[in-house]
Every structure is written in C-alpha cells, then in structure tokens.
Amino acid sequence: MSPTGHPGAIVSAKWLKEHLSDSKVFIADATVHLPDTGRDAQAEYLVEHIPNAIFFDLGEIADPKNPLPRKVPNEALFSEKVGAL
C-alpha cells in the first residue's frame, strides 16, 4: 500500500473481497486464453465473474498493425479504449 493509502493497481483477493462494495473500486476482467485452448474468455465472464466487474477485451486494444496477436497498442489507442470504460 502506498503512503497515501492507495493499494495500487493489483490487490490481493482478501483486499478485494473486503472492498467489493466500495464505489471507488474498479474491477476489470481482462482474462485471455491462448487461441488453441478453444476457450472464450468473454463467454466465461458472462457465466461467472467477480461482482461489479466489467469485461475488458484485450483483443480489442491489441495493436492492429502488429502481425503478432495481442501486442500492446500505441498510447492513443490504449487511452481511447480505457477511457471508454
């Protein structure tokens, strides 16, 4: 935890459970699966997820110009997608 009392971007499951009803807590489920697993992260999110969590599709923010899958986007695209949350 920082000196300001902010826990940081990543917290423990215990901390999250204790703060699920805190209106200042934002939970993004950014689960991804490797293509050959046959699993669909968004479909799994719809079946079960942490209460109040939103699904953040990392595939939608991947760099569209990079031939490799799920590569970090440029700053403008990332800011646009995160800002839309």
Proximal lysines to LYS71, defined as alpha-carbon separation beneath 30 angstrom and excluding residues fewer than eight positions away on the same chain: LYS24, LYS81
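If you keep only loop residues by DSSP, which chymotrypsin sites (Phe, Trp or Tyr not before Pro) in segment 1-75 have at most 11 other Cβ atoms within 10 Å of their Cβ? Walk me through the numbers before you get to the answer.
Working: sites: TRP15, PHE26, TYR45, PHE55, PHE56; in loops: PHE26, PHE56.
Answer by residue number: PHE26.
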Förster radius 22 Å - calculated FRET efficiency between ALA84 and ASP22 (Cβ-Cβ, nearest 0.05): 0.45
Fully extended contour minus Cα-Cα distance, from LEU77 to LEU34, at 0.36 nm per residue: 13.2 nm
Calculated from backbone phi, Karplus (6.51, -1.76, 1.60) coupling profile of segment 22-36 in Hz, x at Gly/Pro: 6, 5, 8, 8, 10, 10, 10, 8, 10, 4, 9, 10, 4, x, 7
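Taking 20 °C and 1.002 mPa s as the conditions, I'd like the Stokes-Einstein D for segment 13-83 in µm²/s, using the Kirkwood hydrodynamic radius from alpha carbon pairs. List each step's numbers first, then the result.
Working: Rh = 14.0 Å.
Stokes-Einstein gives a translational diffusion coefficient of 154 µm²/s.
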From phi via Karplus (6.51, -1.76, 1.60), per-residue ³J(HN,Hα) for segment 58-66 in Hz, x at Gly/Pro: 5, x, 6, 9, 4, 4, x, 8, 8
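No lab work stands behind these numbers, since they all come straight from the coordinates. Keep in mind that this is a model prediction, so the values were computed, not measured. With ideal geometry, Cβ positions are generated from the backbone for all residues, glycine too; neighbour counts draw on all protein chains shown.
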